[in-house]
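As structure tokens, the structure follows; a few thoughts come after it.
The values are calculated or read from the model by the stated rules, or taken from the named source; none is laboratory data. Treat the numbers as computed from the prediction; the structure is a model and nothing was measured. Don't worry about glycine lacking a Cβ; one is built from the backbone with ideal geometry, like all the others, and counts go over all protein chains shown.
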Amino acid sequence: MNLERLEAALGVARRTLLAEMQPAGYWEGHLSPSALSTATAISAMSVAAQLQDAELIGRGCGWLADTQNDDGGWGDTPDSPSNLSTTMLCLAALTLAGGSDQALARADAYVTERARKSQAERVAAIKAIYGADRTFAVPILTNCALAGLAPWEDIPELPFELAAMPHGLHRALRLQVVSYALPALVAVGTLLHVKNPSRNPLRRALRNRLQARAEAAMASMQPSNGGFLEATPLTSFVAMSMAEVAGAEHPVVARCLQFIRASAREDGSWPIDTNLSVWVTTNAVAALDASGGVPNEVAERVRPWLLALQLQHEHPFTHAAPGGWAWTHLEGGVPDADDTSGALRALATLMAEDSDGFLPVYMRGLKWLGHLQNSDGGWPTFCRGWGKLPFDQSCPDITAHALMAMRAHHGFAEPHISRLIDVNMARRVRGWWLYLNRTQRADGSWVPLWFGNQYAPEHENPVLGTARVLQALSEREPDSEMVQRGLAYLIGAQRADGGWGGAADVAPSVEETARAVVALGGWPDDDRAHEAMMRGARYLVERVEDGSWTQPAPIGLYFASLWYSERMYPMAWTVEALGIALAQNLGGH
């Protein structure tokens with residue numbers, strides 16, 4: 001591949017990325033439509049039974065019928081293989097809404113083949129998928145019970161009364177749901193209490209007494225637009241449960257329905273979340289910075305938009321302290337470690353000419369990140385110390401990103417200020433090396449939390465996880481044995497065509513190839529890394545040249561392991577990767 005082709009492809013990709021920026025100064029992105037979200041929205045509106053929702057219900061049922069897979073099931077995205085959980089939810093939705101008999105029959109046949117015929121066997125199959133984690137299994141079964149497809153007495157209870165306890169106790173109580181699912185804990189747990197009260201008279205009396213207080217706690221978490229976490233599935237589970245308990249006029253239900261109606265797309269589908277605007281914007285900034293710099297007119301628009309989104313007060317949902325950023329600019333977002341790291345890194349790039357003004361913002365964000373670190377040395381997503389269930393545990397990819405954010409000040413602060421920050425943060429980052437060393441697998445890889453691959457073993461994505469960790473370690477420990485093992489894994493996972501999939505021998509994608517190229521760019525003097533990087537860059541150039549580079553792959557994992565694709569990922573990550581590859585070659589490798 002000659003440099004002219006590389007430069008031309010980068011020019012096309014960079015112009016495309018810049019054209020996607022919104023007039024307000026951010027990138028909005030576009031999440032894939034979701035059969036699971038569509039099914040839960042249909043179910044919620046069907047249970048609430050409001051005449052004004054009849055058209056949306058009909059359009060949703062039509063979209064489900066049109067996107068049903070050949071085997072009769074549904075996956076999380078139109079590009080996903082069928083799975084039992086999503087298909088059970090679609091079956092429940094079509095049953096509640098009176099959907100197509102043909103679609104219902106095909107869905108029932110799919111479920112019967114994989115989970116047998118009886119309701120008890122189907123309930124057991126859903127329980128087996130999620131094990132001890134009730135975050136998603138219980139709402140799925142509740143949705144099925146509302147449709148008459150599961151017996152109430154077979155559904156595990158949820159201790160909704162614990163939501164009436166002080167928030168600080170939740171971590172110690174070791175709940176069987178993750179932190180972000182507290183609204184569903186209350187709503188679904190209350191419905192289960194009404195439908196199948198505990199046989200223990202003391203527990204039953206306690207729940208009766210605390211029900212109103214728990215519902216008040218749930219209501220306090222709901223943003224004014226009604227969408228819990230901007231997520232249609234979570235909001236829909238709350239809506240259908242509370243509508244059954246208290247009717248569609250209940251204030252929480254009314255606001256949930258308002259959000260569901262506003263989130264519907266023209267084709268009849270719903271995405272799993274409204275948008276990931278902060279996340280894709282910070283990714284776009286990183287891409288532009290790596291490929292020739294952020295144009296001044298872009299920086300002038302993005303900078304104030306990002307600055308305005310730093311949390312200035314305790315968040316009502318997770319009680320997070322001020323200083324963090326959420327994944328979206330919309331009010332249902334919740335501050336998290338990954339987006340805070342991304343915002344700090346992006347603003348460090350954008351604020352190079354006003355470092356004094358940015359330093360207090362950076363320090364607040366850094367303090368917020370430091371306080372989130374777990375005792376194991378790693379960083380979780382939302383809440384420190386929950387740790388019992390996967391989506392509340394520390395994870396290598398978010399830990400790596402936090403480490404990068406903690407070095408961002410080296411790009412804008414005076415040297416003496418940078419040294420002072422490093423000294424002050426030394427205690428906070430203690431243990432990160434042991435954490436990453438402990439979570440590195442025997443083959444040298446790391447597995448991320450929020451990304452996967454539908455065709456890789458265990459649906460994991462060690463390529464993307466290893467790439468994210470190596471990108472951070474190239475700045476800190478470039479020559480360690482741990483890093484060398486990671487490099488060997490990433491280089492060894494490259495396919496003959498130069499691309500990477502989620503693991504060795506998995507079909508490649510633009511997204512995974514781009515992240516690998518970015519990571520390998522941290523070792524410009526390593527001939528193996530450079531050769532693999534350039535082979536990956538050639539793969540991306542070829543995708544730009546044939547026009548397929550903008551086709552997103554469903555590698556994203558949302559709450560409860562829901563698959564999604566995001567239109568901005570291949571665009572932003574390709575620009576970053578090609579920019580790094582070009583700079584390394586022009587630099588005279």
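Quick notes on this one:
- The sole residue among Pro390, Pro415, Pro396, Pro380 that is of a type outside the set (S, T, N, Q) and at pLDDT 95 or above is Pro396.
- Any hit, segment 501-514, residues being surrounded by 23 or more Cβ atoms within 10 Å (Cβ to Cβ), touching a residue at least 24 places away in the same chain (Cβ under 8 Å) and farther than 21 Å from Thr77 by Cβ: no
- Of all the listed residues (Arg364, Arg407), the sole one being among the basic types (Lys, Arg) and either touching a His at 6+ places or on another chain (Cβ under 6 Å) or free of Cβ contacts under 8 Å to residues at least 60 places away in the same chain (or both) is Arg364.
- The set of residues in segment 122-154 that are closer than 18 Å to Val245 by Cα and charged (D, E, K, R) contains only Glu153.
- Of the candidates Ala308, Ala284, the single residue that is out of contact with any Leu (no Cβ under 8 Å at 6 or more places or on another chain) and of a type in the set (A, V, I, L, M) is Ala308.
- Considering only residues in segment 554-575 that are hydroxyl-bearing (Ser, Thr, Tyr) and either within 16 Å of Gly465 (Cα to Cα) or not in a helix (DSSP H, G or I) (or both), the one that is nearest to the chain's Cα centre (by Cα) turns out to be Tyr558.
- Which numbered condition Leu210 fails, given (1) in contact with a Ser or Thr (Cβ under 8 Å, 6 or more places away or on another chain); (2) modelled with pLDDT under 95; (3) surrounded by 15 or more Cβ atoms within 10 Å (Cβ to Cβ); (4) not small (Gly, Ala, Ser): (1)
- Residue check for Thr40: hydroxyl-bearing (Ser, Thr, Tyr), under 20 Å from Leu141 (Cα atoms) and buried (at least 24 other Cβ atoms within 10 Å of the Cβ): yes
- Residue under evaluation Ala488, criteria (1) over 24 Å from Ser565 (Cα atoms); (2) buried (at least 20 other Cβ atoms within 10 Å of the Cβ); (3) touching a Lys or Arg at 6+ places or on another chain (Cβ under 9 Å), criterion not met: (2)
- Of the set (1) among the charged types (D, E, K, R); (2) surrounded by fewer than 19 Cβ atoms within 10 Å (Cβ to Cβ); (3) within 30 Å of Phe136 (Cα to Cα), all apply to Arg495 but (3).
- Taking segment 219-236 as the range and being at pLDDT 95 or above, among the aliphatic types (A, V, I, L, M) and surrounded by fewer than 24 Cβ atoms within 10 Å (Cβ to Cβ) as the test, only Ala219 passes.
Okay, residues lined up against (1) of a type outside the set (Asp, Glu); (2) in contact with a strand residue (DSSP E or B) (Cβ under 9 Å, 6 or more places away or on another chain); (3) touching a residue at least 24 places away in the same chain (Cβ under 8 Å); (4) under 19 Å from His30 (Cα atoms):
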position	(1), (2), (3), (4)
Val253	yes, no, yes, no
Thr282	yes, yes, yes, yes
Ala290	yes, no, yes, no
Pro304	yes, no, yes, no
Leu309	yes, yes, yes, no
His315	yes, no, no, no
Glu331	no, no, yes, yes
Thr340	yes, yes, yes, no
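- Selection status of Leu64, out of contact with any Phe, Trp or Tyr (no Cβ under 8 Å at 6 or more places or on another chain) and either at pLDDT 95 or above or among the small types (Gly, Ala, Ser) (or both): no
- Single residue of segment 108-164 satisfying the filter (of a type in the set (A, V, I, L, M, F, W, C), more than 28 Å from the chain's Cα centre (by Cα) and outside any helix (DSSP H, G or I)) that is surrounded by the fewest Cβ atoms within 10 Å (Cβ to Cβ): Leu149
- Taking the criterion of being modelled with pLDDT under 85 and of a type in the set (Gly, Ala, Ser), the only residue of segment 399-412 that qualifies is Gly411.
- Selection count where residues are at pLDDT below 95 and touching a Gly at 6+ places or on another chain (Cβ under 8 Å), scope segment 439-450: 1
- Residues in segment 517-553 that are out of contact with any Ser or Thr (no Cβ under 8 Å at 6 or more places or on another chain) and part of a helix (DSSP H, G or I): 19 in all.
- Which numbered condition Leu449 fails, given (1) surrounded by fewer than 19 Cβ atoms within 10 Å (Cβ to Cβ); (2) farther than 25 Å from Ala529 by Cβ: (1)
- Total residues in segment 502-551, condition among the hydroxyl-bearing types (Ser, Thr, Tyr) and within 22 Å of the chain's Cα centre (by Cα): 3
- Screening Gly324 against (1) surrounded by 24 or more Cβ atoms within 10 Å (Cβ to Cβ); (2) farther than 25 Å from Val518 by Cβ; (3) modelled with pLDDT of 95 or more leaves a single unmet condition, (2).
- If the condition is being in a helix (DSSP H, G or I) and over 16 Å from Ala243 (Cα atoms), then segment 191-211 contributes Pro201, Leu202, Arg203, Arg204, Ala205, Leu206, Arg207, Asn208, Arg209, Leu210.
- Residue list for segment 566-589, restricted to those being within 30 Å of Leu234 (Cα to Cα) and either buried (at least 24 other Cβ atoms within 10 Å of the Cβ) or in contact with a helix residue (DSSP H, G or I) (Cβ under 7 Å, 6 or more places away or on another chain) (or both): Glu566, Met568, Tyr569, Pro570, Met571, Ala572, Trp573
- Only one of the listed residues (Leu56, Leu96, Leu89) is more than 28 Å from the chain's Cα centre (by Cα) and surrounded by 16 or more Cβ atoms within 10 Å (Cβ to Cβ). That residue is Leu96.
- Filter result for the condition that a residue is touching a residue at least 24 places away in the same chain (Cβ under 8 Å), surrounded by fewer than 22 Cβ atoms within 10 Å (Cβ to Cβ) and of a type outside the set (D, E, K, R), over Gln373, Gln393: Gln393
- Of residues in segment 404-461 being assigned to a helix (DSSP H, G or I) and among the acidic types (Asp, Glu), the one nearest to the chain's Cα centre (by Cα): Glu458
- When residues of segment 1-27 are limited to those that are more than 18 Å from Glu297 (Cα to Cα), modelled with pLDDT of 95 or more and in contact with a Leu (Cβ under 9 Å, 6 or more places away or on another chain), the one surrounded by the fewest Cβ atoms within 10 Å (Cβ to Cβ): Glu7
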